[in-house]
Structures are given as C-alpha cells and as structure tokens.
Amino acid sequence: MKTRETFSSGLAVFFATLGSAVGLGNIWKFPYLTGQYGGGAFLLVYLACIVFVGLPVMLGEFYLGRRTRRNAVGALEKLAPGTPWKHIGTIGVAAAGLIMFFYSSVAGWVYYYLFKALRGDFAAVTMESAKAQFGALVVSPVTPVVWQAVVLAVVAGILIMGVKKGIERITKTLMPLLFVLIIACDLRALTLPGAADGVSFLFAVDFGKLSAAAVLTALGLAFFKLSLGMGCMITYGSYFTHDNDLFATGAKVALSDTLVSLLAGLAIFPTVFAFGLEPGAGPGLLFMTIPLVFSQMPFGAILLTAFFFLAAIAATTAMISLVEVPVAYLSEEKGLTRSRAVLLSVAVIFAVGILATLSVDKGSLLGGYTLMGRGFFDWFDYISSNIMLPLGGLLIALFIGRFADKADIVRELSAGSPAAARLLPVYFFILRYVTPALLLVIFLSSVGVIKL
Ligand code: PFF
C-alpha cells in the first residue's frame, strides 16, 4: 500500500488552505460587492455568514477529510458505505470541474495581462485603448485559448510534484509574497490625493443598502470565498497533520482571507476614485480600470506588474486546490498514477474550458450559442455557484449534523484544540439548525422557487 502524503506542519496547512480561499474572488468580487451593498454594514453581515454558514461547513469538510484520509468521494464512502451520501463527493468533483472550466479562462486573461504589463503595453493607455485591448482579447479565437493552456500547464506542473513538494512548497512561498505585493499597492493607493473617497466607498456603514439581496449575496460570497461545497476542503483536510487544531485553522483562514479582500479593496478603490472613474464590477474592473489608473501614476508600471502578479498568484493557488479534487479522486478511486490523474484532469478541463473561453462575449467564436440567454461560460458559472455549491454545503451540514457519528466528530475536532470542549456544543447547534436553514434559503432562491 502506498503511503499517503500529508502537509508537513501547521504552517503548511494554513498557507495551503489560505491559498485555496484567496483567489480572484478577493480581487474583483468581494471589494466591489462590499461597496455596492453598504460598506461596513455588508461586512458585518458577511462576517456573520462566515460564522453561521462558512465555518461550520468548512469544519465539517475538514473532519470528513482528516478522519478518513481519503478523497471527496472516498471519504463519504468510508463513513457511510453503500449509501447515496457518497454523492456529496460526486457533486464536489463535478462542481470543481465546472468551476475550473471558466476559472481557468479568467486566470488565462490574468496571466496574459501580467505578460502585457511586463512588455509595457499599458504605457500610454487611455480609456478607449484599455477597452479596445480587453475587447480584442475576449473575441480572439487564439490568444485566450493559448493563455488558458499556459495556466493549466503551470497548475499541472505544480500538482505533478505532489502534495508536499508541489502544493505545500508553492503556497508557502507565494502566499507571503502576495501579502507583500498587496501592501505595496496599498501604500501607493492610499497616498494618492482623493484616496479618502475610495476608503469611504469600502467602509462607510450604510444599513439602508442592506436588502435581502445583499444578505443572499453575502452568503453566497462567504461560501465561494472559502472554497466550500466542492470537495476542496475535504481533499485538503485529508492532507492535514493529525494534531492540527481545526477550529483555529478555520478561523485563521477565514480572517486572513477577509483581510486580503479588504487590502485588495484598499488598493483598488482609492485609485479608482482618485482618477475620477466609476467603480464597476468584475472583469471590467480588473482588466480595464486597473491598467488605466495604475499606468497614470508614478511607479505605475511597476505597481501594475505587481498587481497582476499578485492576481496571478491568487488565481493559481486557488486553482491547484480545485484540480486536486479530481486528481485525488482519480488516483485513489480509479487507480491512476498521480501524473496520469493530473494530465487527464487538465486535459478534460482544457477541452471543455475552451468552450467557456470562446463564448465569453457575443463577438466570440461561439458567442452565438446560447440557451435561455446564457452561453457556455455563464452556464458553467451559474450551475456551479448557484446550484451545486449551496446543495453540496446543505448536504454536508445534514450529513455531519444529523447522520454521522457525533462521538467520532467530537474526537476528531478536539484533536489539538484546547478550545474544542467549549466550542463543540455551539458548533453542533449551529450546524444542525442555522446552517441548513440558511443554505436551503439560498438554494431555493437561486433556483427561483422563492423570491426574496
Ligand atoms: N476561493 C476562490 C476565490 O475566492 O476566488 C475560488 C474558489 C477556489 C472557489 C476554489 C471554489 C474553490 F473550490
């Protein structure tokens, strides 16, 4: 029997898990949504969602992984043999794949923009040329596909090296570097004249903007941010050291991830406001606004490169955690060697991911193929984020809270955790009643059964 790899220390566990949580979501999704839905007020709701939904499910996933030392499907099969519960794992593997189809496409753009920043393409950029450059990228049938292949080759290279030499070494090196780069960008952004408007966009507390939609958004965001519901934390949990304090790891990861999102917001919004631009969400913010504003200020070229480098780090460490889900599954359940499992996973992701890449824009090669108004890219995003993640999370909460052996969970979550005795009763209460109720509401509203 092959010995199964684990991370080598608590620090490695922390950086790898944080590497999964910190992703493109921190840079374009979180800061913008915070500003749009009421700043500090939204932040409070978000933190509540982390405590009542995110952390309970995360700890449940850690338990499943570390207790069984198996992949997402194998873990459930081991604890509940011959029951349909293993499909929590199947949903996870499928969701991880679906997310990768479009996430690798956006990550490809990030790598390409890093390359363009290094080449000096943004030296004399204007609003029009920033738009034109991004517009040309998304409709090109070649460039984004090539960069998607580059991204997947990097991810495959890291994963083939294994859990310790690949995932652990890369995340331990790159996560601290990400912090340094983001703080460098913050220092510059916060010393620009007019930066205060950006800070108040992010933090001003406005309870008036807290609608039901805002609360639902915060819930979905907490889930996506912590990489839950898709087998990721089950798989990483299976590599945790046996005495790692799971409560502490979960809390530290959630807090650090939120800190990275806020630091990203503090680099972006002061800059956007200092140059008198409207903040916008998503790709526009990352690929049009950022080159425009950074290139207009002193040391802009260096900061722009730093910014896309940190975005590339964030995207890469999140992607390795996602691809590890099918890799662990294929190598343990289907008997493939690790290298073959990696190559098969990235080959499938690339083959289907091309459909997402070539359908992003109406003008893209496959842009005309839509179903109910959505192309491939949007469908992959919608089905995974709105349906599979909340469903996976709901099933995990039900399994851990109502089906699994409570004494076994208590034993696993207490290992190495001095605070466990006090936290466990609260944990079980939240997981049994609060978490499933909230996840059910998100799920029903995202499939349109209830309207909030
Ligand atoms: N947490 C990552 C982000 O916020 O960008 C995205 C992500 C990674 C989602 C891994 C899901 C996942 F399993």
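Step by step: first the residues of the stretch 48-58, then only those that are away from the ligand (no atom under 16 Å from the Cβ) and out of contact with any Leu (no Cβ under 6 Å at 6 or more places or on another chain), then the one that is nearest to L210 (Cα to Cα). Which residue is that?
A48
Within 30 Å of G92 (Cα to Cα) and either within 16 Å of the ligand (Cβ to nearest atom) or assigned to a loop (DSSP other than H, G, I, E, B) (or both): is that true of L192 in this structure?
No, not satisfied.
Which one of these does L47 not meet: (1) farther than 16 Å from K252 by Cα; (2) modelled with pLDDT under 95?
So the condition that L47 fails would be (1).
In the stretch 219-250, what residues are within 13 Å of the ligand (Cβ to nearest atom) and β-branched (V, I, T)?
Hits for the stretch 219-250 are I234, T235.
Looking at (1) closer than 23 Å to F101 by Cα; (2) crowded, with 24+ Cβ neighbours inside 10 Å, which is the only condition D257 fails?
(1)
Can you tell me which residue is surrounded by the fewest Cβ atoms within 10 Å (Cβ to Cβ) among those in the stretch 378-407 that are closer than 19 Å to Y63 by Cβ and in contact with a Lys or Arg (Cβ under 7 Å, 6 or more places away or on another chain)?
So the residue we want is R402.
Let's see how each residue does on (1) touching a Lys or Arg at 6+ places or on another chain (Cβ under 7 Å); (2) away from the ligand (no atom under 16 Å from the Cβ); (3) closer than 25 Å to I290 by Cβ:
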| position | (1), (2), (3) |
| --- | --- |
| I99 | no, no, yes |
| G108 | no, no, yes |
| A123 | no, yes, yes |
| V155 | no, no, yes |
| R169 | no, yes, no |
| L177 | no, yes, yes |
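If you go through the stretch 307-334 one residue at a time, how many are assigned to a helix (DSSP H, G or I), away from the ligand (no atom under 16 Å from the Cβ) and under 12 Å from V93 (Cβ atoms)?
Looking only at that region, the number is 3.
Restricting the search to the stretch 203-223, which residues are in a helix (DSSP H, G or I), surrounded by fewer than 22 Cβ atoms within 10 Å (Cβ to Cβ) and not basic (K, R)?
Within the stretch 203-223, F203, F207, G208, A212, A213, A214, V215, L216, T217, G220 qualify.
Would you pick out the residues in the stretch 284-308 that are within 13 Å of I27 (Cβ to Cβ) and aromatic (F, W, Y)?
Within the stretch 284-308, F287, F307, F308 qualify.
Inspect all residues belonging to the stretch 266-273 and state whether any of them is over 22 Å from A123 (Cα atoms) and surrounded by fewer than 24 Cβ atoms within 10 Å (Cβ to Cβ).
yes
On the given criteria, is A153 surrounded by fewer than 17 Cβ atoms within 10 Å (Cβ to Cβ) and either under 27 Å from L18 (Cβ atoms) or at pLDDT 95 or above (or both)?
yes
Is one or more of the residues making up the stretch 275-284 part of a helix (DSSP H, G or I), modelled with pLDDT under 95 and either closer than 22 Å to A204 by Cα or more than 16 Å from the ligand (Cβ to nearest atom) (or both)?
yes
Which is under 20 Å from the mean Cα position of the chain (by Cα) and more than 24 Å from N71 (Cβ to Cβ), of T357, T370?
One residue alone meets the criteria, T357.
Select from the stretch 335-351 the residues that are over 18 Å from G162 (Cβ atoms) and out of contact with any Leu (no Cβ under 9 Å at 6 or more places or on another chain) and write down the one among them that is nearest to the ligand (Cβ to nearest atom).
V348
Please specify each residue of the stretch 429-445 satisfying the condition of being touching a helix residue (DSSP H, G or I) at 6+ places or on another chain (Cβ under 7 Å) and farther than 12 Å from L394 by Cβ.
Result: I430, R432, V434, S445.
What's the total number of residues in the stretch 224-245 that are within 11 Å of V325 (Cα to Cα) and among the hydrophobic types (A, V, I, L, M, F, W, C)?
Selection size over the stretch 224-245: 4.
Has the stretch 252-265 got any residue that is in a helix (DSSP H, G or I), over 30 Å from G416 (Cβ atoms) and either away from the ligand (no atom under 16 Å from the Cβ) or in contact (Cβ under 8 Å) with a residue 12 or more places away in the chain (or both)?
Looking for residues that are in a helix (DSSP H, G or I), over 30 Å from G416 (Cβ atoms) and either away from the ligand (no atom under 16 Å from the Cβ) or in contact (Cβ under 8 Å) with a residue 12 or more places away in the chain (or both), one finds at least one in the stretch 252-265, hence yes.
Starting from residues that are polar (S, T, N, Q) and more than 23 Å from A214 (Cβ to Cβ), keep the ones in the stretch 1-44 and report whichever is farthest from the ligand (Cβ to nearest atom).
Within the stretch 1-44, the match that is farthest from the ligand (Cβ to nearest atom) is T3.
Condition check ((1) surrounded by 19 or more Cβ atoms within 10 Å (Cβ to Cβ); (2) modelled with pLDDT of 95 or more; (3) assigned to a helix (DSSP H, G or I)) across all residues:
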{"site": "L76", "(1), (2), (3)": "yes, yes, yes"}
{"site": "G92", "(1), (2), (3)": "yes, no, yes"}
{"site": "L98", "(1), (2), (3)": "yes, no, yes"}
{"site": "A123", "(1), (2), (3)": "no, no, no"}
{"site": "K131", "(1), (2), (3)": "no, no, yes"}
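Here is a check on your reading of the model: is E324 within 22 Å of Y236 (Cβ to Cβ), among the acidic types (D, E) and either buried (at least 24 other Cβ atoms within 10 Å of the Cβ) or at pLDDT below 85 (or both)?
Yes.
Determine which member of the set L11, L59, L43, L33 is in contact (Cβ under 8 Å) with a residue 24 or more places away in the chain and crowded, with 22+ Cβ neighbours inside 10 Å.
L59
The values are calculated or read from the model by the stated rules, or taken from the named source; none is laboratory data. Treat the numbers as computed from the prediction; the structure is a model and nothing was measured. Methodologically, a virtual Cβ is constructed for each residue, glycine included, from the backbone with ideal geometry; neighbour enumeration extends over all protein chains shown.
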